[in-house]
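This report refers to the structure that appears directly beneath it.
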Amino acid sequence: MPQLSVPRLSVVVPAYNEEERLPRTLARLHEYYSGQGYRYEVIVVSDGSADRTRELVEDFAKGHPEFRVIEYQPNHGKGYAVRTGIEQAKGELILFCDADLATPQEETEKLLEHMAKGADVAIGSRPLRESTLEVHQPFYREMLGRSFNKLVQLLAIRGIEDTQCGFKMFTPEAAREIFRRCKLDGFGFDFESLMIARDLGLRIDEVPIRWSHQEGSKVVLMRDGPRMLLDLVKLRLAGKRKRLALRG
């Protein structure tokens, strides 16, 4: 029987210079999860932010003890931030979501349903037929994203339509086994974590979601796209044994 002090859900939010979005994001997270009838915690990971990200979370947490912030310097990347937050999570299930809340928090319940049915990992997926894209990305970003997902399927993870959506849930056991092996600090951590999950034989459920593009993405296509492609090729060539090696 779970201890009463253990939250049902830990929500990890990686944040890099998010002072403009955070007030709305924190308020919405509190509004939604406080009405769900289960205990929760929200861990915001300030990934080397140079603005007031940490202060905003600390101020909000004074009246909302479910919220806390982890901060470090310098900036390491989204993968490092998610890994740091997951390592500190105490919940029976762990969700990470982007600070822009492009996927509405109501979609949490869809992932919870899949976890209740035995999934080790449940991931939001935008290209599925049942998904609803309420606000599309600019055409060029959407086409490049779809092309990249096709490459990921070809080189690494067959059968998963969307590895990059920032809305993924894990059991604590799956999260521990996956993220103690993850080595990528940047945006490639999404497909790395799923490759490792597949290597471990974990059940990954892809879940249709609602999603709306939000301005202010930290992904710079001309800089981060080539890095992600190189990371993908390196992971593919490394082979299962090296991918499953524990992080040093």
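Within segment 191-199, identify whether any single residue is touching a residue at least 60 places away in the same chain (Cβ under 8 Å), open to solvent by 30 Å² or more (accessible area, probe 1.4 Å), out of contact with any His (no Cβ under 8 Å at 6 or more places or on another chain) and under 26 Å from residue 138 (Cβ atoms), and answer yes or no.
Looking for residues that are touching a residue at least 60 places away in the same chain (Cβ under 8 Å), open to solvent by 30 Å² or more (accessible area, probe 1.4 Å), out of contact with any His (no Cβ under 8 Å at 6 or more places or on another chain) and under 26 Å from residue 138 (Cβ atoms), one finds none in segment 191-199, hence no.
Is it the case that some residue within segment 33-42 is without any contact (Cβ under 8 Å) to a residue 60 or more places away in the chain, part of a strand (DSSP E or B), within 17 Å of residue 166 (Cβ to Cβ) and touching a strand residue (DSSP E or B) at 6+ places or on another chain (Cβ under 8 Å)?
Yes, some residue in segment 33-42 is without any contact (Cβ under 8 Å) to a residue 60 or more places away in the chain, part of a strand (DSSP E or B), within 17 Å of residue 166 (Cβ to Cβ) and touching a strand residue (DSSP E or B) at 6+ places or on another chain (Cβ under 8 Å).
Could you tell me whether any residue of segment 95-115 is touching a residue at least 12 places away in the same chain (Cβ under 8 Å) and more than 22 Å from residue 31 (Cα to Cα)?
There is at least one residue in segment 95-115 that is touching a residue at least 12 places away in the same chain (Cβ under 8 Å) and more than 22 Å from residue 31 (Cα to Cα).
Can you name the condition, by its number, that residue 162 falls short on among (1) of a type in the set (Asp, Glu); (2) surrounded by fewer than 18 Cβ atoms within 10 Å (Cβ to Cβ); (3) closer than 21 Å to residue 226 by Cβ?
(2) is the only condition that residue 162 fails.
Could you grab the pairs with beta carbons closer than 9 Å, sequence gap of 6+ or different chains, first residue in segment 129-154 and in contact (Cβ under 8 Å) with a residue 60 or more places away in the chain and of a type in the set (Gly, Ala, Ser), second one open to solvent by less than 50 Å² (accessible area, probe 1.4 Å) and not in a loop (DSSP other than H, G, I, E, B)?
131/124; 131/125; 131/207; 131/208; 131/211
For segment 200-218: of the residues being open to solvent by less than 40 Å² (accessible area, probe 1.4 Å) and in contact with a helix residue (DSSP H, G or I) (Cβ under 6 Å, 6 or more places away or on another chain), which is nearest to residue 80 (Cα to Cα)?
Here the residue is 204.
Taking segment 113-132, which residues are of a type in the set (Val, Ile, Thr) and buried (at least 22 other Cβ atoms within 10 Å of the Cβ)?
Our first condition is that a residue be of a type in the set (Val, Ile, Thr); within segment 113-132, this holds for 121, 123, 132.
Of everything in segment 113-132, those that are of a type in the set (Val, Ile, Thr) and buried (at least 22 other Cβ atoms within 10 Å of the Cβ) turn out to be 121, 123.
Those residues that are in a strand (DSSP E or B), under 15 Å from residue 23 (Cα atoms) and open to solvent by 60 Å² or more (accessible area, probe 1.4 Å), I need them from segment 43-71; list them, please.
Residue satisfying the conditions is 68 alone.
The values are calculated or read from the model by the stated rules, or taken from the named source; none is laboratory data. Bear in mind that the values here come from a model prediction, so they are computed numbers and not experimental data. Quick reminder, even Gly has a Cβ in these numbers, built from the backbone with ideal geometry, and neighbours come from all protein chains shown. Only protein heavy atoms, including side chains, enter the accessible area calculation; ligands, DNA and RNA are left aside. Shrake-Rupley method; radii C 1.70, N 1.55, O 1.52, S 1.80 Å.
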